[in-house]
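The values are calculated or read from the model by the stated rules, or taken from the named source; none is laboratory data. From a predicted model like this one, the values you see are computed outputs, not experimental measurements. A quick note on method: Cβ atoms are made from the backbone with ideal geometry, for glycine too, and the neighbour counts reach across all protein chains shown.
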Amino acid sequence: MSPTLPPASPLSPTVAAGLAATVELTVADVDTAACARTGDVPVLATPRLVALCEEACCRALDSHLLADRTSVASRIQFDHLVPVPVGATVRAEATLEKVEGRRLVFTLSVTLDENHRGGLVAAGRLTRVVVQRSAFLAKAGCPNAG
């Protein structure tokens, strides 16, 4: 009888706490709450800010996931603290804090450039789950998922 091998890890060995990335955005009209229809003010929309943080998480994982894997967001805890006007530049940083099996927990922070008061704009945590791309797409009912 041959020994039973443990299941292969869904993660590359390079996925470890400490991976980080930063992305910047200069706020344009299309990034505002008024444009996103999440409010009627011409300031950076919270959903756009969350998307920027997700982008930073994805950049932190660039070239660290196995070829047939991707990650998807599963949970976000987020505090949007101050309004940001059109023309200001924000910087979102995501740092991988914990690896729990396929779950990756990131800490998030978004800061405002010094030309616009500087300081913390938002902070939180985001959990992403590593999935097999084709299985995930098939589950979603996407055509040509295989």
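At-a-glance table
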| quantity | calculated |
| --- | --- |
| Near pairs, Cβ below 8 angstrom, 6+ apart or cross-chain, from region 102-117 (farther than 19 Å from ASP79 by Cα) to any residue that is surrounded by fewer than 16 Cβ atoms within 10 Å (Cβ to Cβ) and among the polar types (S, T, N, Q) | ARG103/SER74; ASN115/THR89; HIS116/THR89 |
| Residue under evaluation CYS57, criteria (1) part of a strand (DSSP E or B); (2) in contact with a Lys or Arg (Cβ under 8 Å, 6 or more places away or on another chain), criterion not met | (1) |
| Matching entry among VAL90, VAL72, VAL110 (being modelled with pLDDT of 95 or more, among the aliphatic types (A, V, I, L, M), under 27 Å from ARG133 (Cβ atoms) and in a strand (DSSP E or B)) | VAL72 |
| Meets criteria (surrounded by fewer than 16 Cβ atoms within 10 Å (Cβ to Cβ), among the hydroxyl-bearing types (Ser, Thr, Tyr) and modelled with pLDDT of 95 or more) for SER63 | no |
| Complete set of residues in region 9-54 that are under 17 Å from ALA88 (Cβ atoms), under 16 Å from the mean Cα position of the chain (by Cα) and assigned to a strand (DSSP E or B) | THR22, VAL23, GLU24, LEU25 |
| Where a residue in region 14-28 is free of Cβ contacts under 8 Å to residues at least 60 places away in the same chain and farther than 7 Å from LEU96 by Cβ and its partner, wherever it lies, is of a type outside the set (Lys, Arg) and in a loop (DSSP other than H, G, I, E, B), with Cβ under 7 Å and at least six apart | THR14/HIS64; ALA28/VAL86 |
